[in-house]
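Working notes, structure below.
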Amino acid sequence: MHATINVLADHLRNMSESIDDETMDEFANLLNSANRIFVMGAGRSGLVAKSFAMRLMHIGYQVYVVGEIITPAVSAGDVVIAISGSGNTRTISEFGEICKKLNVKVITVTSNRESVLGRMSDLVVLVDSNSRRTNETEYMERQLSGDHKSLTPLGTVFELTTAVFLDSFIAKLMIVKGVDESHLKMRHTVLE
């Protein structure tokens with residue numbers, strides 16, 4: 001367990017250093033110029049998308065989660081944010097294709113710029129999820145000693161890194177929109 005936490009912490013530090021400020025500015029500009037924002041993802045990436053949607057709503061954006069029964073149709077002027085580690089998740093990439101046909105801007109948060117979603121997107125936000133690069137020495141030591149088990153199964157690194165990244169991006173959007181935590185609290189649910 002401790003080794004897994006350390007792998008994730010190292011990965012987050014490396015991700016923080018690799019953030020491209022120009023891409024973040026473009027991300028913010030696309031959201032601020034959108035009529036409405038839609039977020040989508042499958043599985044655990046979908047949970048990250050819902051979490052991000054909630055924070056966007058708290059800031060004051062009009063935001064919807066693709067697949068919910070109250071989500072309206074997208075139209076030109078909207079922005080769709082697709083979250084997919086592989087960028088090739090069939091349902092999400094098919095939704096992306098529909099968005100492009102409707103002249104809707106697509107932002108993809110992925111670890112694979114050359115994926116189906118990456119190639120069709122107006123903006124790709126790259127979240128590197130290769131935990132082997134995070135601590136190459138530790139990884140090589142484990143491989144040489146015959147310890148081949150993954151410390152972070154399936155998409156864990158992508159999902160957790162993306163969740164932390166998007167919550168950090170919320171802090172940037174708060175500055176851009178000129179809101180503080182008291183504004184977010186006013187929009188937070190009281191029905192819990």
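The values are calculated or read from the model by the stated rules, or taken from the named source; none is laboratory data. Keep in mind that this is a model prediction, so the values were computed, not measured. The accessibility values were calculated without ligands, DNA or RNA, using every heavy atom of the protein model including side chains. Shrake-Rupley method; radii C 1.70, N 1.55, O 1.52, S 1.80 Å.
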Heavy-atom accessible area of segment 51-102 with neighbours in place, 1.4 angstrom probe: carbon+sulfur share in percent works out to 59 percent
Taking amide H positions as placed in the peptide plane 1.01 Å from N, state which residues far from VAL39 in sequence (5 or more) or on other chains have amide H under 5 Å from it. TYR64, VAL65, VAL66, ILE81
In sequence order, what are the phi-derived ³J(HN,Hα) couplings for segment 31-43 according to the Karplus relation 6.51 cos²θ - 1.76 cosθ + 1.60 with θ = phi - 60°, rounded to whole Hz, with x for glycine and proline? 5, 6, 9, 7, 5, 9, 10, 10, 10, 8, x, 10, x
Nonlocal amide H pairs with VAL106, under 5 Å, H built at 1.01 Å: VAL80, ASP122, LEU123
